[in-house]
Amino acid sequence: MESLILIIAFVTYWAIVTILDRKGILKKRNITAYGPLLMIRTKKGIEFLKKLAEKRKIWITIGTAGIPAILVGMVFMFVLVLIMDYILLTTPPEPSEITSPRNVFLIPGINKFIPLIWGLIGLIVTLIVHEFSHAISALAENVKVKSLGVLVAFVPLGGFAEIDEEALKQSEFMTRVRVFSSGVISNFITALISFSLFFYLLGFITPSIAVLTSENPELKTGDIIIEINGVPVKTPEDVSKAIKGDENILKLKDGRIVELKGVTGAKIIEVMENYPAYEAGIKEGWIITEVDGKKIVTIYDFKESLKNKKVGDTVSLVIFDGKSFEVFNLTLANLNGKAIMGVHIQEYIAGISLSYFYAENILNTLRNIPAMLGNPVGWLFIMSMPITFFNSFSPPITNFFSSSVGDWIFYALNTFYWVGWINFYVGLFNCLPAIPLDGGRVFYDVTNRIGGKNFAESFSRFLSALIFFSIILSIVIPNIPR
């Protein structure tokens, strides 16, 4: 039904555009229609860009720096397209939210993984940076800019700077390449600055003690706990010290008092086959309450109890199986040099789990991103990050963190995160050797210089068709009914 409504709305919009175009109304307002795509032009702002372009050496340097960046990005993205094609044709993914057509494009409000407000901020900044950089670079190279404008196809898709193409064609080879490369390198520079600020501000937040999951109807995800049994809690160690037996009183940040009754420990959520716990008959859903006589309250208690254990050591467990407490003695086995009993666990405090470990995992992963960039896997992780790992610091996730500088930091983190990510993604996408993308235009000029016009046109047409066909494949194949 949702897709049908979108299709009807788009067809209606297209019909209105067609009628206005045929009557000449769009032309009178300096608007050009290419099917459903509108180019809305204005000359406002060009004089301001001319003033910025007066610093010619700076913009020529930026354009020059963009040449190796766009060539490296071109190779990276083209190889990625070929790998994607191979996977689609050999092991096509099942239909899912990730492969849904609505999530292919970076359109806030339509793409489910891009928050509307933060996505719009990131997209607007990205388009302004990209198109204004092209315009300023052209003006710095003494190439005329005819207009600035917005691209619309039912929803705003982007901005553009309409450079005098004839004047650009008549300019020198390096001038053209610098102008084409300036948008990409400006996106990359903006992404670098934004991500640097994002990583810096991460240092001002720490995990709080909040509810992650709950079987208790009085507690919900995101409820912040400030006291347990009258003891202030800010760390897992505080929680371990504050918990008293199987009856505990929680005080929440909103002032509510909640009584918890039930077993506390590490709940087993998976038992690994052919490891000690599996061979001892331990089952999923059971709760480890003690390890070697030490009470287990948090995940950190469990980890601490095993920290100094070696392969071959024996541990004594007290486990609640839902009816009674049983004792198990396990000899730890080896897994990649680590001594393990063979279970995956989740915190369990009388039916609730806390967010501290989850929040710390998010922070550690985000903080380690700069160290990942030494190999292509790190770059792929950044490209897919909002879809596969982290979307934004928005409720209830913001309740999992605390900051001594105030809640404004979460707004700043979201702004820098999305400005950085969309600039990075758009910059890389524009590196693809497909006309009319910047990478395609650079590729055409380079191949024209090497092999002549006919060679450049044939090769460019082939790559453009291959890339856009690959994009269509990525939408169609995962959504073919099986």
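Values quoted throughout were computed directly from the atomic coordinates according to the rules given, and no laboratory measurement underlies them. Just so you know, these numbers come straight off a predicted model, no measurement behind them. Note that each Cβ is placed from the backbone with ideal geometry, even for glycine, and that neighbours are counted across all protein chains shown.
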Residues meeting the amide H criterion for S402 (H placed from the backbone, H to H distance under 5 Å, 5 or more places apart or on another chain) are T206, S208
From the backbone phi of region 197-214, what are the Karplus-calculated ³J(HN,Hα) couplings (6.51 cos²θ - 1.76 cosθ + 1.60, θ = phi - 60°) in whole Hz, Gly and Pro given as x?
5, 4, 5, 5, 5, 4, x, 9, 10, 9, x, 9, 9, 9, 7, 9, 10, 8
Could you tell me how many degrees, from 0 to 90 and to the nearest 10, lie between the Cα long axis of helix 376-388 and the main elongation axis, the longest principal axis, of the Cα atoms of the chain?
80
What is the magnitude of the charge dipole of region 209-354 about its Cα centre, with +1 placed on the Cβ of each Lys and Arg, -1 on the Cβ of each Asp and Glu, and no other charges, expressed in debye to the nearest 20?
340
Calculate the tail of P(r) for region 329-455: the fraction of all Cα-Cα distances greater than 26 Å, expressed in %.
52
Quick one: 3J(HN,Hα) in Hz for region 295-300, Karplus 6.51/-1.76/1.60 with θ = phi - 60°, rounded, Gly and Pro as x.
5, 9, 10, 10, 4, 5
Integer Hz, Karplus 6.51/-1.76/1.60 couplings in order for region 184-190, x for Gly and Pro
5, 5, 5, 5, 5, 5, 4
Using only Cα atoms and rounding to the nearest 10 degrees, what angle (0 to 90) does helix 408-429 make with the longest principal axis of the chain?
50
Over region 304-362, volume per residue of the alpha carbon convex hull, in Å³:
110
As an exercise, identify the trypsin sites (Lys or Arg not before Pro) in region 208-248 lying in DSSP coil whose Cβ has no more than 15 other Cβ atoms within 10 Å.
K220, K234, K244
Quick one: net charge of F113's neighbours, Cβ under 14 Å, K/R +1, D/E -1?
+1
If you wrap a convex hull around the Cα atoms of region 26-183, how much volume per residue is inside, in Å³?
153
The chain -> Rg/Rh from Cα coords, Kirkwood Rh, value 1.08
Out-of-range pairs (alpha-carbon distance over 25 Å; input K234/K294; K253/K294; K251/K309; K28/K50; K283/K338; K295/K323):
K253/K294; K251/K309; K28/K50
On C-alpha positions alone, give me the angle between the axis of helix 453-476 and the longest principal axis of the chain, in degrees, nearest 10.
40
Cα centroid separation, region 389-459 to region 351-380 (Å)
20
If you project the alpha carbons of region 334-407 onto the principal axes, what extent comes out on each, in Å, largest first?
39, 35, 24
Cα Rg, Dmax (largest Cα-Cα span) when computed across region 209-354, Å
15.8, 49
What helix-only [θ] at 222 nm does the chain give? Using -39500 (n - 2.57) per DSSP H run of at least 4, over all residues, to the nearest 500, the answer is -16000 deg cm²/dmol
